[in-house]
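Below is one structure, written out as structure tokens; the observations come after it.
Every number here is computed from the coordinates shown, using simple stated rules; none is lab data. What you see is a predicted model; the values in this text were computed from it and never measured. Positions of Cβ are generated from backbone atoms using ideal geometry, with glycine treated the same way; all protein chains shown enter the neighbour counts.
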């Protein structure tokens, strides 16, 4: 296991700039626990587990659930810079231990936090950036000819993915598996690297903690730049009932993979009782630091 190492003075200046950006906009910096009961929600995420004697806990994969618990009782703009942990293989742009920025605005939507991200990137680069913005629906239509909303079954999706030359597929793949494989092989490589691209309105089934937008879509966005996903954000889910349905879905998907379901996120479930309408963003700071390099 290893973590990214950065030139210390450059990294310190980078973190200082981010804190100054949020301080100037009235955000409160907060600190929440890293060792938690439920360290992840999505089926694809595997937290690192910590066992001491007869007790066990997990290191968070993001501070999302604890920050929402805080926001539910203190409804003001908040941000946090912290270490996060995911039990994934190390790659050139991802390590098991990494640094994340997460921030939330109450009484707003993902359109507001998209603007925050644009302003943050332009502040850090000191440039006016030519952002490109496209929905997932637009990108799939343009790059693959697939109309996502009309593809109802995994079998139909599998056939369409095979027709456009997507590899590493099997008949046991879920709709969501096929979606992400097409993203990795056909969509992400087609995005320009010279300017940030904001991709928004993902299918609800891959936007697990996002507010629905109609019956099929979710109010979620990601920003890609220089071949990397830098962040993902959303108008946050407020429904306890829908949280339980999505937890059941994510748990079933983990069982198909031969993995134990994540613990139910009790802290988040309780927070939803009083959580104000809000939007949040999680930013991989190691990747953002690399993207800012000439």
Return the single residue from 220, 25, 246 with maximal mean-square fluctuation; model: Gaussian network over the chain, springs between Cα atoms under 10 Å.
25
DSSP-defined beta bridges in the chain - what % are antiparallel, rounded to 5
85 percent
Between 74, 16, 94, which gets the highest mean-square fluctuation from a Gaussian network model of the chain, Cα cutoff 10 Å?
16
Relative contact order (percent) for the chain, with alpha-carbon contacts under 8 angstrom and 6 or more residues of separation?
22 percent
Given a Förster distance of 45 Å, report the FRET efficiency between residue 172 and residue 17 from their Cβ-Cβ distance, rounded to the nearest 0.05.
0.45
Quick one: what do you get for the stretch 89-143 if you divide its Cα Rg by 2.2 N^0.38 Å?
1.52
Rule-of-thumb Rg ratio for the stretch 17-168 [Cα; 2.2 N^0.38 Å; N residues]
1.33
Any chance you could get the radius of gyration and Dmax over the Cα atoms of the stretch 194-262, in Å?
14.1, 42
What percent of all Cα-Cα pairs in the stretch 245-286 falls into each 5 Å bin, going from 0 up to the bin containing the maximum distance?
5, 17, 17, 16, 19, 19, 7, 0
When the Cα centres of the stretch 11-81 and the stretch 263-294 are compared, how far apart do they sit, in Å?
7 Å
When you have a sec, figure out the Kirkwood radius of the stretch 1-99 from all distinct Cα pair distances and drop it here in Å to one decimal?
15.2 Å
If you project the alpha carbons of the stretch 97-176 onto their three principal axes, what span does each projection cover, largest first, in Å?
46, 30, 29
Taking the convex hull of the Cα atoms, report for the stretch 62-118 its projected area averaged over all directions, in nm².
4.8 nm²
Using a simple spin-label model with points 7 Å from Cα along the Cα→Cβ vector, what separation in nm is obtained for residue 49 and residue 122?
4.8 nm
Which values of log₁₀ I(q)/I(0), to two decimal places, follow from the Debye formula for the chain at q = 0.10, 0.12 Å⁻¹ with a uniform point scatterer at every Cα?
-0.55, -0.82
How would 193, 166 line up from fewest to most surrounding beta-carbon atoms within 10 angstrom?
193, 166
Taking only Cα atoms and a 10 Å spring cutoff, compute GNM fluctuations for the chain and point out the largest among 183, 100, 65.
183
Between the stretch 137-194 and the stretch 230-248, the Cα center-to-center distance that results, in Å
23 Å
Based on the alpha-carbon gyration tensor of the stretch 173-294, what equivalent-ellipsoid semi-axes (square roots of 5 times the eigenvalues) come out, in whole Å, largest first?
27, 19, 14
Over the alpha-carbon set of the stretch 132-189, divide Rg by the Kirkwood Rh and report the Rg/Rh ratio to two decimals.
0.94
In which sequence would 170, 279 go, from the one with the fewest C-beta neighbours within 10 Å to the one with the most?
170, 279
Starting from the Cα-Cα distance between residue 35 and residue 92, subtract it from 0.36 nm times their residue separation and give me the gain in nm to one decimal.
17.9 nm
